[in-house]
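Please treat every number below as a calculation from the coordinates, not as lab data. Keep in mind that what you see is a predicted model, and the values were worked out from it rather than measured. Ideal geometry is used to build each Cβ from the backbone, glycine not excepted, and the neighbour counts take in all protein chains shown.
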């Protein structure tokens, strides 16, 4: 059994916003940061990452600027916009409510219902 987890629908954008909130990153850097902050449990496919970055940029949640990556290549770097910070706060709170409800539901015992 693998220690890696599948991303739940709707969580990729939240993870991207969180990763970028920790500092400006290029696309591949976002992927690595998500692996890092999840303790290696979450892998994001590049084929899913770049469309999500584009959606967040188009939605006004990420701003971009061209720069040079650690390996001396030109890369697009992503930063949170003020709207992105608000979206991150709201999505984080919604996730916490969902996780709390799931935890409560899974703890339920027969004698409690």
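Results, tabulated for the structure shown:
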| read-out | value |
| --- | --- |
| Mean shadow area of the chain, taken as a quarter of the surface of its Cα convex hull (nm²) | 9.0 nm² |
| Most mobile of 37, 16, 68 in a GNM of the chain (Cα contacts under 10 Å) | 68 |
| For segment 34-61 versus segment 2-22, the gap between their alpha-carbon centres in whole angstrom | 7 Å |
| By average C-beta atoms within 10 angstrom, highest first, the peptides 96-106, 17-27, 72-82 | 17-27, 72-82, 96-106 |
| Rel. contact order, % - alpha carbon contacts under 8 angstrom, at least six apart, the chain | 27 percent |
